[in-house]
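All remarks here apply to the structure that follows.
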Amino acid sequence: MAGIIEIKNVTKEFRVLNRREGLKGSLKDLFSRNYKTVRAVDNVSMSIQQGEIVGYLGPNGAGKSTTIKMMTGVLEPTSGEILVNGCVPYKNRTKNAENIGVVFGQRSQLWWALPLIESFRLLKDIYQISDSGYDEMMKLYGSLVDIEPLLHKPVRQMSLGQRTLSDILAAFLHDPKIVFLDEPTIGLDVSMKAKIRTLIHALNKEKKTTVILTTHDMGDVDALCRRIVIIDHGKMLYDNDIEHLKSFFGSYRTLKVRVDGDLAAQTQQIQGQYPDFSVTCDEQEEWISVLVDEDRQKVLDVLSQLQKTHRIKDMQLEEISTEEVIKKIYEEGVR
Amino acid sequence: MKRKGLRFYLHIYRKILAQDIKSKMSYRADFIISTIGMIFTNISGFVGFWILFRNFPSINGWSYHEMLFLYGFSLVSITPVQCLFDNNWSLRQQVYSGDFIKYCFRPINLFFYYQSEVFDIKGLGQLAFGIGTIAYSWSRIGLAFTPLMLLKLIVFLITASLIMIALQNAAAATCFWIQNSFYVLDLAFRFKDYAKYPVTIFSTVFRFIFTFIVPIAFIAYYPSLVILRPDEIPLLSWLSPFIGIAFFFVSYKIWMRGATRYSGTGS
C-alpha cells in the first residue's frame, strides 16, 4: 500500500563557499567562487502510512530539518522523489500546505499581537475551514486541554509552554492529514511536556493524523512513537519499531557516581576495573559515568563492587539517552 | 477546495488589517509618540522647503506652489509603501534569523502573506498632510477642478505609488542573495527624497539614472507634468502608468524568486 508520504532515494546538496581564514582570506573570498558541495541528506528512502507517529531522530545538523523542509515543499531535493498526499511538495507548495500542519519548536507561527481566538479565526478563513469543522475541532480541543484561559490572551503574553500548546492546536485546526512537529517540547517543564504529549497522542488517535516528530527527548519518543527513523550525516541509520531498538539497547544503563579523591585518577582507576565499559567523567559536575551493559553484569553488582573500593558520596542511575543510542548506532551500526 | 481569487485575498486582508489596527491601538503610548514623531518629521520637511523658497523664488522655472504640489504628490505616493509594505524592512532580519520560514507553510501567496502581517497606521497622518498640500497648491496655482483632472490625479498617484513599492520590494529582496542588504534598502528609501524635485534640475547623467535605472522621476515628476504642464507632456508621462505596473510586476517576481531560493537556516 502506498503511504501518505513516499520518499525514494532523496538527496539534497548545498553549495557552500569555501571560506579562507583571516582578513586576507576574506578578501580572496570576495572574488573566488570556490565552492564545495555539502550533502545534507544522502539517499534517504522511507514510506509512512496514514495515522502513524514517526519519531525522526538524529543529532544536531544530521539533516532532519532539511528532510522536513523538503516534505513541506520549502526545499527542492537535488535528486530523488518525494510524494506527500500523492503530490510533489516542491511543485505544489500551496496545495501541499492545505494538507499539512507544521510546528517549528520555538518559532511561533501565530500572529504575535493577536489573542489566540483571533488567530484561529484567521486560520479558519485562510484554510477555508467549514463552520461545522471548526466548531467540532474547538469542541475537541475543549475536551482535551483547558483552552478557555488561552483563547483571549495575546500570543506575545504567553509562556513558552502555552505558546507551544497554542501552536500545536493551530497546526491541527484545519484537520490536516500530516503534522510535522519539530522539537515541540524543547525548553518546557515536565508537566507541560506531559500535557503536550497527551495532546498529540489524543489528536493522532481521534483524527488519524499522521505525525512526524523530531526531538532530542527520549521521553517524547517513549510516550508517542512506535516507529523511529534515525539519521546522521544525512544517511539513514535506522528505520524500525522502537521495540526493536529497545531490545537492542535497553540493556544499557548509565551509572553515575560521585566519589572522594582526584576525579581524573579515580576515573582512570574505575576504567581499569571495567575495561569493557566506557567510563567518562564530567569535570564540572564531578560525576563519573559508567555505561553498563546489563547483559554482562548487573548495574547493582557494579555499584556494590565500587562501594568496596571507593567512598561513594552520591549516585544516580540513568536510562540510556537518545544521544547515546544514536551515538552507539552510529559507532556500531544496527545488529 | 475553492479557487483563491482576488475576493479571497481581499477578505483575508481586511480581517488581518482590522485585527492589526485593533492591537496597535492597545499600545496607546507607542501610538501617540510615533504619531507625534511623524508630525514633526513632516513639519521639519516643510520648514526646510519653505526656507529654500525664501531664498529662491523659483527653481528652474518651477514656482513655489508648483514645487509644493510636487512635494505633496510625493508625500501621498509614498503612503501606500509605508502603510502596506512596511514589513519589507524586517525581511532582512527574518531571513537572517530563519524566522522567514514560517511564512512558507501557509496555503496562500507568500508575498501577500508576508506583507499583510504589518500595517503601519502612522502613514495615514502623512497621507492627510500630502492631500492637504496638494489641495492648497492646487488652488493657489489656480488649476481647474474637473472630474477628468481628479481622475488623472488619482491614476497618476497610483502609478507613483506602484513605482515606490516596486523600488522597495526589489531593494528588500536583495537580502535573499546578500547578507548586509540594509544599505540597499536604506538607499532605495533615501532616493525618494530626490523624487520631490523636478528631474530637469539634475545633470543629464542623473536625469538618465533617475528615469531609467532607479526610476524615481516617475514617483512625482513625470506624473505631475500631466497636471501642471498640460501643454508640454512628454511621452514618458503617458507611459508612466504602464511603467508603474511593469515595475511592480518585475519587483514581485524578483521577490518571489528570492523567496523560492531561500532555504532557511538550520534549526
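The values are calculated or read from the model by the stated rules, or taken from the named source; none is laboratory data. Computed from a predicted structure; not experimentally measured. Here the Cβ is made from the backbone with ideal geometry for all residues, glycine too, and neighbour counts use every protein chain on show. To get the accessible areas, we keep the full protein, side chains included, count just its heavy atoms, and leave off ligands, DNA and RNA. Shrake-Rupley method; radii C 1.70, N 1.55, O 1.52, S 1.80 Å.
Numbers for the structure displayed
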{"read-out": "Ellipsoid semi-axes in whole angstrom, largest first, where each is sqrt(5λ) of the Cα gyration tensor of segment B:1-91", "value": "37, 20, 9"}
{"read-out": "Highest-MSF residue in chain A out of A:E21, A:E286, A:E52 [GNM, Cα springs under 10 Å]", "value": "A:E21"}
{"read-out": "Residue with peak Gaussian network fluctuation, chain B [Cα springs, cutoff 10 Å], from B:T159, B:T211, B:T79", "value": "B:T211"}
{"read-out": "Accessible area of A:S278 in the full protein assembly, 1.4 Å probe (Å², nearest 10)", "value": "60"}
{"read-out": "Accessible area (Å², 1.4 Å probe, nearest 10) - B:K24", "value": "60"}
{"read-out": "Value of relative contact order over chain B, rounded to a whole percent, pairs C-alpha under 8 Å and six or more apart", "value": "25"}
{"read-out": "Among the listed pairs A:K205/A:K328; A:K69/A:K95; A:K256/A:K308, those beyond 23 Å (Cα-Cα)", "value": "A:K205/A:K328"}
{"read-out": "At R0 = 25 Å, FRET efficiency that the Cβ-Cβ distance of A:C87 and B:M256 yields, to 0.05", "value": "0.80"}
{"read-out": "Å² of accessible area per residue within segment A:42-247, as computed with a 1.4 Å probe and no ligands counted", "value": "38"}
{"read-out": "Largest-first principal axis extents of the Cα set of segment A:132-231 (Å)", "value": "39, 29, 18"}
{"read-out": "Most mobile listed residue (A:S304, A:S45, A:S251) in chain A, GNM with C-alpha springs under 10 Å", "value": "A:S304"}
{"read-out": "B:F208 accessible area, assembled protein chains, probe 1.4 Å, Å²", "value": "110"}
{"read-out": "Reduced Cα scattering model of chain A, Debye log10 I(q)/I(0), q = 0.09 Å⁻¹", "value": "-0.63"}
{"read-out": "Sum of -39500 (n - 2.57) over DSSP H runs of 4+, divided by residues of chain A (222 nm, nearest 500)", "value": "-11500 deg cm²/dmol"}
{"read-out": "Cross-link table A:K12/A:K195; A:K64/B:K24; A:K8/A:K91; B:K15/B:K152; A:K91/B:K253, entries beyond 27 Å C-alpha to C-alpha", "value": "A:K12/A:K195; A:K64/B:K24; B:K15/B:K152"}
{"read-out": "DSSP bridge orientation in chain A - percent antiparallel, rounded to nearest 5", "value": "70"}
{"read-out": "Full-extension gain in nm, A:D293 to A:K24, via 0.36 nm per residue minus C-alpha separation", "value": "91.6 nm"}
{"read-out": "Acute angle (nearest 10 degrees) that the helix A:131-144 long axis makes with the longest principal axis of chain A, alpha-carbon atoms", "value": "30"}
{"read-out": "Estimated 222 nm signal from helices in chain B, with DSSP H stretches of n ≥ 4 weighted -39500 (n - 2.57), rounded to 500", "value": "-22500 deg cm²/dmol"}
{"read-out": "Cα Rg, Dmax (largest Cα-Cα span) when computed across chain B, Å", "value": "19.7, 65"}
{"read-out": "Over the protein assembly as shown, volume per residue of the alpha carbon convex hull, in Å³", "value": "223"}
{"read-out": "Extension gain from B:N109 to B:I233, taking 0.36 nm per residue of separation minus the Cα-Cα distance", "value": "40.8 nm"}
{"read-out": "Length-normalised contact order of chain A in % [C-alpha pairs under 8 Å, at least 6 apart]", "value": "19"}
{"read-out": "Using a Förster distance of 22 Å, the FRET efficiency for A:H201-A:I242 (Cβ separation, nearest 0.05)", "value": "0.95"}
